[in-house]
Amino acid sequence: MTIVDAGPLIALTDSSDQEHLRCRAAISSLPVPLVSTWPAITEAMYILGDRAGWPGQRALWSALGVGGVEVSAIMDEDLPRMKSLMEKYRDLSMDLADASLVAVADRLGIKRVFTVDSDFAVYRTAKGKRFELIP
């Protein structure tokens, strides 16, 4: 399984995004479904709405729940980990979306992250391991 950040969701949906071609090439080799979280989806929807309006948001909605992207619920048990992550990585200004993705990846045992965010090269799993970053 692969966790997907907001950046690739935006890039895959918006053909004018500078990462569009790179993300399109990368997704062809990834098994579906990808896993994301509501904070990451919210971030992507907001940016797509700003860039492309409803057509951009509709394209992202089309990928949700139909085998492309599964949205993992944030569990109560994830909250202390998310808080701890945001505190640990405060110098990077880790946001709620990134914290939710790392916490859910830890809980589900996911080691691969589809992202264009360089901060994920610094983030570590609960066991101190690096994530495999795509692309």
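The values are calculated or read from the model by the stated rules, or taken from the named source; none is laboratory data. Predicted model, so just to flag it, every value in this text is computed and none were measured. Counting neighbours? That spans all protein chains shown, and the Cβs are built from the backbone with ideal geometry, glycine included.
Overview of results
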| quantity | calculated |
| --- | --- |
| Filter result (exposed (fewer than 13 other Cβ atoms within 10 Å of the Cβ) and out of contact with any helix residue (DSSP H, G or I) (no Cβ under 9 Å at 6 or more places or on another chain)) within segment 16-31 | Ala25, Ser28, Ser29, Pro31 |
| Hits in segment 86-121 - residues which are among the hydrophobic types (A, V, I, L, M, F, W, C) and surrounded by fewer than 13 Cβ atoms within 10 Å (Cβ to Cβ) | Leu108, Ala121 |
| Val113 vs. criteria in contact with a Phe, Trp or Tyr (Cβ under 8 Å, 6 or more places away or on another chain), closer than 22 Å to Pro135 by Cβ and not hydroxyl-bearing (Ser, Thr, Tyr) | yes |
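The rows are residues; the columns are (1) modelled with pLDDT under 95; (2) assigned to a helix (DSSP H, G or I); (3) closer than 30 Å to Asp76 by Cα; (4) touching a strand residue (DSSP E or B) at 6+ places or on another chain (Cβ under 9 Å).
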position	(1), (2), (3), (4)
Ile3	no, no, yes, yes
Pro8	no, yes, yes, yes
Asp17	no, no, no, no
Arg22	no, yes, no, no
Ala25	no, yes, no, no
Ser29	yes, no, no, yes
Val35	no, no, yes, yes
Pro39	no, yes, yes, no
